[in-house]
Every structure is written in structure tokens, then in C-alpha cells.
1. Residues to consider are A204, A208; find the one that is within 8 Å of the ligand (Cβ to nearest atom), closer than 22 Å to G378 by Cβ and in contact with a helix residue (DSSP H, G or I) (Cβ under 6 Å, 6 or more places away or on another chain).
2. Condition check: within 15 Å of the ligand (Cβ to nearest atom) and at pLDDT 95 or above. Does E306 satisfy that?
3. Got a sec? Which of A21, A6, A15 is at pLDDT below 95 and on the phi < 0 side of the Ramachandran plot?
4. Select from the stretch 184-233 the residues that are among the acidic types (D, E) and touching a strand residue (DSSP E or B) at 6+ places or on another chain (Cβ under 8 Å) and write down the one among them that is surrounded by the fewest Cβ atoms within 10 Å (Cβ to Cβ).
5. For the stretch 124-147, check the following and say yes or no: at least one residue is under 28 Å from W43 (Cβ atoms), in contact with a helix residue (DSSP H, G or I) (Cβ under 7 Å, 6 or more places away or on another chain) and among the aliphatic types (A, V, I, L, M).
6. Do any residues in the stretch 73-93 that are under 12 Å from Y153 (Cβ atoms) have Cβ atoms under 6 Å from those of residues that are of a type in the set (G, A, S) and not in a loop (DSSP other than H, G, I, E, B), where the two are at least six apart or on different chains, and which pairs are they?
7. Yes or no: E149 over 28 Å from T334 (Cβ atoms), in contact (Cβ under 8 Å) with a residue 60 or more places away in the chain and more than 9 Å from the ligand (Cβ to nearest atom)?
8. Please go through the stretch 335-371 and give me each residue that is within 11 Å of the ligand (Cβ to nearest atom) and among the aromatic types (F, W, Y), ordered by number.
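The values are calculated or read from the model by the stated rules, or taken from the named source; none is laboratory data. For clarity, every value in this text was computed on a predicted model and none was experimentally measured. Positions of Cβ are backbone-derived with ideal geometry, glycine not excepted, and every protein chain shown enters the neighbour counts.
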Amino acid sequence: MVGSPARLDPRLHVAVVGAGAFGGWTALALLGRGARVTLFDAWGPGNSRASSGGESRVIRGMYGPDPLYTEWVARSLEVWQEAETRWGTRLFHKTGCLWMFATDDVYARASLPLLEKVGLPAVELTVAAARERWPQIEFSGIRTVFFEEQAGYLRARRACQAVAAAVAAQGGEVRSAAVRPGPLRGHFLGGLTLQDGSRFEADAYVFACGPWLGRLFPTEVGERIRPTRQEIFFFGTPEGDSRFDSANLPIWMEFGERIFYGIPGSGSVDGQGDGARGFKVADDTRGEPIDPTGDERLPTAVHLAEAREVLARRFPVLAGAPVVEARVCQYENTPDGHLLVDRHPGADNAWLVGGGSGHGFKLGPALGEHVAGLVVDGVEPLPQFRLAHRQPPAGKPRSQFEAGRREPPL
Ligand SMILES: Cc1cc2nc3c(=O)[nH]c(=O)nc-3n(C[C@H](O)[C@H](O)[C@H](O)COP(=O)(O)OP(=O)(O)OC[C@H]3O[C@@H](n4cnc5c(N)ncnc54)[C@H](O)[C@@H]3O)c2cc1C
């Protein structure tokens, strides 16, 4: 635990920078541990530039052979559901997740016992059984199929706003300001500099700045987090056709030469689903580098053509469906696709938290509890998430799916 000087409020005061999925849940967990919290964000929780600023994010427990992530998903799902009940706003839509493998399925098979253990089981289906259950999907080329029933999607942007509102409701301070880390004083970070030049001091600092983390800490993080441009397309389903609604179709993942995934349209079961945005199709392949602050976010014809090709191949009824919305977001990739959670190498009272690498959103609640434990209890960061494990990559960043594929099955 970081020592705090004698003063009127004896609580540990933590400044959390970034109100995305990581910073927001960290702030909430710190409040739960009795800390005083100030949460900063330059453009607000779930803003359009933030990695958490999309409409929807998948939550699934299948994580290859890695028990930690599967356990964190189970814990996070529990917290997401408790939170939506407590806050009276729907954040989680249970749809199940259909995993389709045209290539090897080592990733899925390695997950099965781990999923079973945490109560999020997945079952293998024959292709014939899957075809019968979801006739709106064309399964040609698919060799194996798994169905994870408890999976679903989270309403990302809305969730970040709900978390920040909960931080404020629980006595935290939420401030709109861009900040920079101040100079080091010995082995401690001496404070923050706000955009208006003023200074802000706390006992401890958590920087959860998503794709900006490398820019804020060019020496300590730098190229260890590389933001890449990702395009998302929402297609319009035929009028009155409910076959592509979340009530009738799960989230789907297709593992072939590349990994594509999607979220069904019309989550209008409760009249407020993000399905209203359309039938989402996304490519998990890492895109070109992006400047998260300055770059324009306009989709390209090349990526649209690729999304259309997947749509026509897997959902033939939707071939030629119009794009009703599109987004350009970024993954904030670490070299190996694992999260980055570590103490600042030069400051005992500062922590660096990020590297969601295209899969971090769902983990926000469990990650927040973990980071609160590091800050309040002074436990050591997990070895696999530390800075020392990450050298800036020579080639393109890898996804956690690729990392999973290289592991032997359990
Ligand atoms: C297209 C796409 C699809 C994805 N799909 C999934 C999925 O299906 N499931 C899943 O679990 N994950 C998914 N992810 C990954 C997930 O969304 C991210 O890993 C996660 O949202 C990262 O959250 P974060 O809090 O680290 O970063 P962000 O959400 O980027 O939050 C960082 C915040 O810091 C603020 N900030 C930055 N610098 C400063 C500063 N100097 N001062 C003040 N504030 C600052 C920013 O404004 C921002 O709000 C996806 C990501 C993308 C882009």
C-alpha cells in the first residue's frame, strides 16, 4: 500500500486516468476498497475515439488454454449482471456464441474443461445439427462447431457511462480533463499536469489510457502498445425478418484464414438493444496503424467489400444488404495479445493498465478488482501482464486467438 501523509481525509486518494472499460471499473473497485477516487477523462467515458466507445462488445468465456482469462470472464459476467440490476439499465444481452472452425479447433478444445469448471460450458455440435438449428447460416467449409450458451454482448458505450455515473454516485469525483504525468520525485510520481497547466496530486495514480498509453509513456510503454485501425460494419436486415435478430441467432465467430465475427441485429427484445444498429460484421485481423487522436474515422471500400463477402458467404439471405452504419475503432495491441498491467518502472505509486488487444472490454470488472488489489494491498502484478515480458514487436501484433492456437491442447 502506498503511504499517505497525515491530513483531514485519511483515505488513500487515487487518481485514475481514463474512463474506458479499464479505468472506469478500476475506479469503482477502488471505491469499493475504501479509497478516495478522482477519475479523469479527456473526452468523457465511452467517447467516439476510445476503444470502449463502440456500440457492443462480445463477452465469451472461451479463451484457449488460459484459465486466468476464463476465470476473469466468469467473475466479470457476474459483476456485469449484478451491476445492470443495481443500476436499472440493461448492459448484457445473452445470445450464446457460435464458434465455427474451418481450420484447426485447438483453441476451442483447450477451453472446454476450463469453461466447464467456471460454469460457462460450451458443447460441440455436429455441423448437421448446427445447420438444422440455424438454417439462416451457410456452414460450407466449416469443420467443427461449438456453442457457448452463456455468452452474449455488452453495450459498450452505454456501460462506460453507467460505470462513470456509479463512480460519481458512490462519492468518486469524475473530471473532464486531459492530463499528463508529472515529473518523478525519487521513486514516486509527483502528480499530474492538467490541460490548463494546473497540477493535481493524489497518493497513487492509475493510467488506463487505452491506445494513448504508449504516447503518454513513450519510454516505459512506447511501441509495446500499438493501436491498429479496425472497421466495423452494421448491415440492415430485411424488413420484418426476425431470423437475424438476437432472439434467433447467437453471436458468431468464424475461424478460417482470418477470423471474422458478428453480433446479430435487433436486440429489440427490450426495445433498447444495440441490435437497432443492424447486423454487425467485423474482421479480427489487425489493421493499419492509427493515430487515436487525429485520424479520421471513415471506413474504406476494401474493408467494406471484405465484410460483404463474409456476409454473402455465411448469411446468403443478407447478400447485398445495405450498410446502415459503420465505425472505425482501434485495437490497442500488445506484442502477444495479453493485457498490460504493471507498476510504473520508475514510480512506486503509479500503475500502467491497458493492452486490451481487441478482447479486453468484457474483462473490465475483474481487471478493476485486480488493479484495486495491486494499488491498495501492494500485491505484485501478474508476471504474464508485466512490461518486462513485452518487447516491441518486429512484425504485426498478434491476436490472443493466434497465441491460443500455438498452445498444445490441454
Ligand atoms: C472494433 C473493436 C471491437 C472489439 N471487440 C471486443 C469484444 O467483442 N469483446 C471485448 O471484450 N473487447 C473487444 N474490444 C476491445 C476492447 O473494446 C478494448 O480492449 C477496451 O475497450 C479497452 O478499454 P480501455 O479502458 O483500456 O481503453 P479506452 O476505452 O480507449 O479508454 C481509455 C480512455 O482514456 C482516455 N484518455 C486517454 N488519454 C488521456 C489523457 N491523457 N488524459 C485523460 N484521459 C485520457 C480516453 O479518452 C479514453 O476514454 C474491441 C475493440 C475494438 C476497437
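1. Numbers: A204 fails: within 8 Å of the ligand (Cβ to nearest atom).
Residue meeting the stated conditions: A208.
2. Values: within 15 Å of the ligand (Cβ to nearest atom): yes; at pLDDT 95 or above: yes.
Yes.
3. Values: A21 fails: at pLDDT below 95; A15 fails: at pLDDT below 95.
Of A21, A6, A15, the one residue that is at pLDDT below 95 and on the phi < 0 side of the Ramachandran plot is A6.
4. E201
5. Quick first cut of the stretch 124-147, residues under 28 Å from W43 (Cβ atoms) only: none.
The answer is no, given that none of the residues of the stretch 124-147 is under 28 Å from W43 (Cβ atoms), in contact with a helix residue (DSSP H, G or I) (Cβ under 7 Å, 6 or more places away or on another chain) and among the aliphatic types (A, V, I, L, M).
6. Listed pairs, sorted by first residue: L91/A159; F92/G152; H93/G152.
7. On the way: over 28 Å from T334 (Cβ atoms): yes; in contact (Cβ under 8 Å) with a residue 60 or more places away in the chain: no; more than 9 Å from the ligand (Cβ to nearest atom): yes.
Against the criterion (over 28 Å from T334 (Cβ atoms), in contact (Cβ under 8 Å) with a residue 60 or more places away in the chain and more than 9 Å from the ligand (Cβ to nearest atom)), E149 does not qualify.
8. If the condition is that a residue be within 11 Å of the ligand (Cβ to nearest atom) and among the aromatic types (F, W, Y), then F361 is the only one that fits.
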